[in-house]
Amino acid sequence: MDFLPVFLNVKGKLCLVVGGGNVAARKARGMLDAGAKVRVVAPEIAPELVKQHGVESIVARFESRHLDDVILVIAATNDRNVNKQVSELAQARNIPVNVVDAPELCSFIMPAILDRSPIMVAFSSGGASPVLTRMLRGTLETLIPQSYSRLAVFAERFRESVKQRVSNPAKRRIFWENALEGVVAEKVMTGDEASAEAMLQQMLANEDNIQRGEVYLVGAGPGDPDLLTFRALRLMQKADVVVYDNLVSKPIVEMTRRDAERIFVGKKRNDHTLKQEEINELLVRLAKQGKRVLRLKGGDPFIFGRGGEEIETLAAEGIPFQVVPGITAASGVASYAGIPLTHRDHAQSCVFVTGHLKDGTMNLDWEQLARPKQTVVVYMGLHGLDILCAKLVEHGMPDTTPIAIVQQGTTPNQRVITGTLVTLPGIAEREKPQAPTLIIVGGVVTLREKLAWFHPQA
Ligand code: SAH
């Protein structure tokens, strides 16, 4: 370790910035944000810096006396000699000094920061690679939600009362872990502090029985892991058990917590590894064991995902749960296939239907689906493709209407097969698209030819 990381309290203390340009202004702002008084010295000082409340500006060349009463110095001039002089004079007086972009002149360095005040993450590559530091910052941005600020303030508010109620330190630690990783934290982060407080009080009242299970019903999107939401990822990393089916792509399952138990509940067509009722019961059973259960579903849980049924059972059993939306297949697949779902010239509306066959037929409102200027997206429709095309034509849709089948959209195996209501069934028979497949019907399908060439995923 080359440096000792510290957080310095500069409230009301005098800090010096030598230099009057943009960089100097940025450094001064950081110091002001932390409550310091800032003295700025330079022959020319940017006007917005002079105007800042709390800034004492001295329009002059730097001199030793400007270091009087100062506890910290940053030199940000473009004159190497001045920077060097600041560094030497400050170090002679044992005042910590940083010179921008000159590590050899620094007695301290400024870390990159991620500000979730009161939580502050500071990190540094010790000057080895600023680019790497910036990349790392990007990663941390996604892992540490903005709402952690709120969470920290909430925790501070109850710190004393929890300390009084749960006097045993080890028990208290577990109490806080449960609160800050569980449903209380989720409530705070979504802005519902009143419920969070009620739950915290309830946890305090039952503090002998603090382990409490919950279920996260999370939409994993159509396949490409890049299409996960931050919230999905966060809960995936938190859950103790993962219950998933075969619509969830392998790379996404791999992103769940490494030591989490993984339970596959299948559901290929006609091969229900577990029946829906059994899945509902499984979720309840796991949560009752005190586990944080991730129910990971393809696409969006509330679009042809039976998410509604799963949460009904949970609600009936009094198990806390949350639902995280995902990018539904229609949206993700259309975008990656270069087919806009609506378009001023082709479609002013878009309907999503399920083409699931029941007793060999598709029970749909054909009149409504055959309307002009509308895009129809059919989930689970491949096995009824013949019926779909024939019924649409029968109800007045022109037989030249373009239609596409997208196989395994957004994954490396994506394949788009196009035709018309008359030709596509035959083409599909020859091409044998692999599940899952999505069917898109309407004029928008023709746009693909214009757009796909420029479209990296299509
Ligand atoms: N809840 C899911 C849909 C579940 S129904 C969602 O919101 O996307 C399952 C159907 O979704 C499949 O039969 C198929 O029609 C469609 N589907 C899901 N992922 C797909 C993908 N990557 N490519 C094509 N179709 C997909």
Cα convex hull of segment 335-458, projected area averaged across orientations, nm²
7.1
Once ligands and nucleic acids are excluded and a 1.4 Å probe is used, how much of E281 is accessible, expressed in Å² to the nearest 10?
110
Taking Cα atoms, the helix 169-181 axis meets the longest principal axis of the chain at an angle in degrees (rounded to 10) of 50
Given contacts defined as C-alpha pairs under 8 Å and at least six residues apart, what's the relative contact order of segment 1-69, whole-number percent?
30
In whole Hz and in residue order, list the ³J(HN,Hα) couplings for segment 220-225 that follow from phi through the Karplus curve 6.51 cos²θ - 1.76 cosθ + 1.60, θ = phi - 60°; x for Gly and Pro.
9, x, x, x, 5, x
Explain nothing, just the number: relative contact order of the chain, from Cα pairs under 8 Å at least 6 residues apart, as a whole percent.
9
If I fit a long axis through the Cα atoms of helix 193-205 and take the longest principal axis of the Cα atoms of the chain, what angle between them do I get, 0 to 90°, rounded to 10?
90
Percent carbon-and-sulfur accessible area, the chain, ignoring ligands, DNA and RNA, probe 1.4 Å
53
Checked against the positive end of the charge dipole of the chain (+1 on Cβ of Lys and Arg, -1 on Cβ of Asp and Glu, about the Cα centre), the farthest of P145, F158, A46 is A46
Among the lysines, select those whose C-alpha is under 24 Å from the C-alpha of K37, and discard any that sit fewer than 8 residues away in the same chain.
K11, K13, K27, K51, K84
Percent relative contact order for segment 182-326, counting Cα pairs under 8 Å at least six residues apart, stands at 34
Report P(r) for segment 147-207: all Cα-Cα distances, bin width 10 Å, range 0 to the bin holding the largest distance, values in whole percent.
23, 61, 15, 0
For the chain, size of Cβ-based charge dipole, Lys and Arg +1, Asp and Glu -1, in debye:
880
How big is the charge dipole of segment 35-104 about its Cα centre, in debye rounded to the nearest 20, if each Lys and Arg gets +1 on its Cβ and each Asp and Glu gets -1 on its Cβ?
100
Positive end of the dipole of segment 219-264, charges at C-beta (+1 Lys, Arg; -1 Asp, Glu), about the Cα centre: which of S249, I263, A239 has its Cα farthest in that direction?
A239
Loop trypsin sites (Lys or Arg not before Pro), segment 268-346, which have at most 16 other Cβ atoms in a 10 Å radius of their Cβ (DSSP):
R269, K275, R306, R344
How big is the chain along each principal axis, measuring the range of its Cα positions in Å and listing the largest first?
92, 61, 36
A chain fully extended from L447 to R137 at 0.36 nm per residue, minus the present Cα-Cα distance, gains in nm 107.7 nm
Kindly flag which residue pairs out of K163/K291; K275/K297; K171/K291; K275/K358; K163/K238; K171/K288 have an alpha-carbon separation exceeding 23 Å in this structure.
K163/K291; K163/K238
Where the centroid of each part is defined by its Cα atoms, how far is segment 291-325 from segment 1-68 in Å?
53
Just to confirm the number: angle between the C-alpha axis of helix 307-316 and the first principal axis of the chain, 0 to 90 degrees, nearest 10?
70
Listed by chain and number, the residues whose amide H is under 5 Å from that of V242, excluding neighbours fewer than 5 places away on the same chain and using placed H, are E261, R262, I263, L294
Over the chain, give the accessible area per residue in Å² for a 1.4 Å probe, as an integer.
53
Leaving out same-chain residues fewer than 8 places away, which lysines sit with a Cα under 22 Å from that of K373?
K391, K450
Just want the answer: with Cβ charges of +1 for Lys and Arg and -1 for Asp and Glu, which residue in I387, G360, G442 is farthest toward the dipole's positive end in segment 330-454?
G442
Could you please put H66, H346, H53 in sequence from largest to smallest accessible area, using a 1.4 Å probe?
H53, H346, H66
Reduced Cα scattering model of segment 214-327, Debye log10 I(q)/I(0), q = 0.15 Å⁻¹:
-0.55
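The values are calculated or read from the model by the stated rules, or taken from the named source; none is laboratory data. Computed from a prediction, not measured in an experiment: that's the story for all the values here. Virtual Cβ from ideal backbone geometry, glycine too; neighbours counted across all protein chains shown. In case anyone asks, the SASA skips ligands and DNA or RNA and just uses the protein heavy atoms, side chains included. Shrake-Rupley method; radii C 1.70, N 1.55, O 1.52, S 1.80 Å.
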